[in-house]
Amino acid sequence: MNKIYLLRGRKIMLDRDLAELYGVETKALKQAVRRNTDRFPEDFMFEMNKQEFENWRSQIVTSNEGDKKGLRYAPFCFTEQGVTMLSCILNSKRAITINVQIIRIFAKLREMILTHKDILLKMQQLEKKITNHDENIQMIFDTLRKLLNPLQAPRRRIGFRRNGEED
């Protein structure tokens, strides 16, 4: 799970992490993908653009010549569907086993997100109810105050008037 990142609003895995999991060199993985470009449309796999790559290098990892795991070249970023497609071109026993595990992790992430969405939706509904309750309770209190403290209109005296008395 710690090798799944969010980029361009999608959950992705980097070519170097997948190569490590599959037990192949990143160069070999990239070559296999380049030989099968029609299997990897933009929603399955994309290459980081220059700005994304620079941000990635400065935030995640600093690449140097002695560090073979550092990012020297913009990596391929594979979505869940791209990872699945990799199993078609990397047809080793290990690749298939790793792919099954990765797909299960992606499915678990989707399940967690859906659960969180349900909880968020319920919280929003509860908040809306509470907001309405507050307004209704305030209206009840205002009405009770009016009933308890009615406005005192000037009262007319009842009875007989004497000459010269006014209302």
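The values are calculated or read from the model by the stated rules, or taken from the named source; none is laboratory data. Since the structure is predicted, the reported quantities are computational estimates derived from the model, not experimental observations. No Cβ is skipped: glycine too gets one built from the backbone with ideal geometry, and neighbour counts run over all protein chains shown.
Quick look at the numbers
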quantity	calculated
Filter pass, K122 being modelled with pLDDT under 80 and either part of a loop (DSSP other than H, G, I, E, B) or of a type in the set (G, A, S) (or both)	no
Filtered residues of region 83-121 (kept if in contact (Cβ under 8 Å) with a residue 24 or more places away in the chain and hydroxyl-bearing (S, T, Y))	S92
Unique match (being modelled with pLDDT of 75 or more, more than 30 Å from L18 (Cβ to Cβ) and either among the acidic types (D, E) or surrounded by fewer than 10 Cβ atoms within 10 Å (Cβ to Cβ) (or both)) among D134, D142	D142
Cβ pairs under 9 Å, 6+ apart, first in region 29-55 and without any contact (Cβ under 8 Å) to a residue 40 or more places away in the chain and basic (K, R), second in a loop (DSSP other than H, G, I, E, B) and surrounded by 13 or more Cβ atoms within 10 Å (Cβ to Cβ)	K50/A74
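One line per residue, one yes/no per condition, for (1) part of a helix (DSSP H, G or I); (2) aliphatic (A, V, I, L, M):
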| residue | (1), (2) |
| --- | --- |
| M13 | no, yes |
| L18 | yes, yes |
| K27 | yes, no |
| K30 | yes, no |
| V33 | yes, yes |
| D43 | no, no |
